[in-house]
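The values are calculated or read from the model by the stated rules, or taken from the named source; none is laboratory data. These figures come from a predicted structure and were not determined experimentally. The protein model used for the area step is the full one, side chains on, heavy atoms only, and it has no ligands, DNA or RNA in it. Shrake-Rupley method; radii C 1.70, N 1.55, O 1.52, S 1.80 Å.
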Amino acid sequence: MNLIGLFITSVLAENVVLTKFLGMCPFFGVSKDKEGSFGMGLAVMLVITLSSLVTYFLYNYVLVPSDTEYLRTLLFILVIASFVQLFDIIIKKNFKSLHNSLGIYLPLISTNCAVLGVVLLNIQNKFTLLEVLTYSIGSSFGFMLVIYIFSTIRERLKHAPIIRSFRGLPIAFITAFIMALVFSRYIGA
Amino acid sequence: MKKIIKWLMDENPLFVLCLGLCPALAVTTNFENGYLMGLCVMMVLLLSNITVSLLSRFISDHMRVPAYIMIIATFVTILELLLQTYVEPLSKVLGIYIPLIVVNCIILGRALSYASKHKLKDSILDALKIGLGYTLALGLLGFIRELIGSNTITIMDRISGLTGYVMKYEVFPTNDFIPNALFTSPAGAFLTMGLVLGIINMLRKGDVK
């Protein structure tokens, strides 16, 4: 498969948030301010890429030869959770300033369905190593892009005159609806 | 009747607490997928609540989250294998959203905040309440999206191999009603969810007055 095509598709037309609904909790929870969503996006990007690589090797060289593919969910969630922990420790030790800005988002990532979702999609689509790399970078970049755009819109929504019952989450969903419409048009008819 | 609705809606995981959004939006393209996904989540929630409330005395505090995730992941794997064997068409449609039940915040949230602190009986009741509320919410979303999006209501189609019945109805005569496929597309999920949330907010305010 064409790698550039795969990258663009995973960022725009098959955006993980807007078409596959992965990572909804941070999408609506964290996206209240710009800086926060940017930090969250970066952290998710790193974790997705690294854990995609590790799970690719684990799946193809440990689970498949030993005929225990059904253990993938258990194993993958373990990999992701320990990755997040490891990552937290390394950043805390070596990059103090980065840890201060990312710190609170890291524990949230292990229960972020975008990570497990992308890892599972890699396996389901039977990607090769290069495709795994492209797809995970692409889809996590898509996550970051969408969550950042969404947070800038939400900052303006705070001051908009909206019917009282629709303030907060309902209008956020409707905003997401318009974004999803725009993104799905990238497929072209 | 009013009491039952209040019991299910007061702490409804989807509409009030806004947890478990990811499967709620992804699989509710028709009524059947919606309520079956809800039932799957309810089953895992029930089993994990039972296990957690029985085992919580033996799990030390700083190992709680990893231990609970492992418990949940085990039940999800069991469910996944069962679905693959007995209702293959369903497991094909729900796809990766079945393993993703592991990271559904509802289940881990209930395990941490309720089941680990309460007795077995209360934990089972809690799981039933939250699970039923979630199933109801997913069913409602699926119902609305399927009705407007494809003018049908599917009660049993993909599980017909198990039950032996196919129940799929057209609602309006085809000449009178043109379905809007937008509602079954991913974007429509956001719209339906936003509208339902807003309308529920409106109704709740009516209650207060």
Viscosity 1.306 mPa s, temperature 10 °C: what is the translational diffusion coefficient of chain B from Stokes-Einstein with a Kirkwood Rh over Cα pairs, rounded to a whole number of µm²/s?
88
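Can you give the helix-only mean residue ellipticity at 222 nm for chain A, where every DSSP H stretch with n ≥ 4 adds -39500 (n - 2.57) and the sum goes over all residues, rounded to the nearest 500 deg cm²/dmol?
Numbers: 10 runs with 133 residues, N = 189.
-22500 deg cm²/dmol, from helical runs alone.
Hey, which of these cross-link pairs are over 22 Å Cα-Cα: A:LYS20/A:LYS158; B:LYS2/B:LYS205; B:LYS2/B:LYS129? Let's see the in-between values first.
Values: A:LYS20/A:LYS158 27 Å; B:LYS2/B:LYS205 16 Å; B:LYS2/B:LYS129 15 Å.
Correct reply: A:LYS20/A:LYS158.
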Cα Rg, Dmax (largest Cα-Cα span) when computed across the range A:16-157, Å
15.4, 54
Any lysines whose Cα falls less than 17 Å from that of A:LYS126, other than same-chain ones fewer than 8 residues away, would be B:LYS92
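Quick one, could you list the DSSP H helices from chain B stretching 24 Å or more along their long axis (Cα atoms) with average Kyte-Doolittle hydropathy of 0.5 or above? Mind dumping the intermediate values first?
Values: long enough: B:31-55 (36 Å, 1.59); B:64-86 (33 Å, 1.40); B:120-150 (43 Å, 0.97); B:186-208 (34 Å, 1.02).
Those that pass (Cα extent of 24 Å or more, hydropathy at least 0.5) are B:31-55, B:64-86, B:120-150, B:186-208.
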Any lysines with Cα under 30 Å of the A:LYS92 Cα? List them, leaving off those in the same chain fewer than 8 positions away.
A:LYS32, A:LYS34
Computed accessible area, A:GLU35, all protein chains, 1.4 angstrom probe, square angstrom
140
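Taking the square root of 5 times each eigenvalue of the Cα gyration tensor, what semi-axes in Å does the equivalent ellipsoid of the range B:23-71 have, largest first?
Ellipsoid semi-axes (Å, largest first): 30, 11, 5.
At a 1.4 Å probe, what is the % contribution of carbon and sulfur to the accessible area of the range B:20-208?
C and S fraction of accessible area: 67 percent.
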Helix check for chain A. Which DSSP H runs span at least 27 Å along their own axis by Cα, with a mean Kyte-Doolittle hydropathy no less than 0.5?
A:34-58, A:72-94, A:129-157
Relative contact order (%) - the range A:28-184, alpha-carbon pairs under 8 angstrom, separation at least six:
42
Leaving ligands, DNA and RNA out of it, work out the accessible area of B:VAL166 with a 1.4 Å probe and give it in Å² to the nearest 10.
100
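For chain B, what is the calculated [θ] at 222 nm in deg cm²/dmol (nearest 500), taking -39500 (n - 2.57) for each run of four or more DSSP H residues and dividing by its residue count? Working shown, then result.
Numbers: 9 runs with 134 residues, N = 209.
Only helices count here, giving -21000 deg cm²/dmol.
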Other-chain or far-sequence residues with amide H under 5 Å of B:ASN30's (modelled H)
none
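Please give the per residue volume of the convex hull enclosing the alpha carbon atoms of the protein assembly as shown, rounded to a whole number of Å³. Each step should come with its number before you reach the end.
On the way: hull volume 70.2 nm³, N = 398.
It is 176 Å³ per residue.
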Computed over the range B:20-208, protein heavy atoms only, probe 1.4 angstrom, the accessible area per residue in square angstrom equals 45
